[in-house]
1. Once both labels are modelled 7 Å past Cα along the beta-carbon direction, what's the R37-K56 spacing in nm?
2. Give me, ordered by chain and number, the residues 5 or more places off Q42 or on other chains with an amide H under 5 Å from its own placed amide H.
3. Under a point spin-label approximation (7 Å from Cα along Cα-to-Cβ), what is the A64-V24 distance to one decimal in nm?
4. Each residue of region 50-66 in order: what ³J(HN,Hα) in whole Hz does its phi give by Karplus 6.51 cos²θ - 1.76 cosθ + 1.60, θ = phi - 60°, with x for Gly and Pro?
Amino acid sequence: MPPHTTRPPLRTARNAAGTSILLVEQNARYALETASRGYVLQTGAIIASGSCDELKRDERVKEAYLGRK
């Protein structure tokens, strides 16, 4: 589904007290904008975890999924 159709319901659910969502997404930028915490996998292994701000700064995540900017 395109991000513009999934983003509003995910934000509503995320803001509900006591609600957790498992988001499996290949679009790393969208996932990091949508989630509050994340796990980043590469070839089936977790290479990084933490808040989305931490993951955006992680060199392994940048190299594997975001590009080095």
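1. 1.9 nm
2. Under 5 Å from the amide H of Q42: I47.
3. 1.6 nm
4. x, 5, 5, 5, 5, 5, 5, 8, 5, 4, 5, 5, 4, 5, 6, 10, 9
All of the numbers you see were taken from the coordinates with simple rules; none came from a lab. Values in this document were obtained by computation on a predicted structure and should not be read as measured data. Positions of Cβ are backbone-derived with ideal geometry, glycine not excepted, and every protein chain shown enters the neighbour counts.
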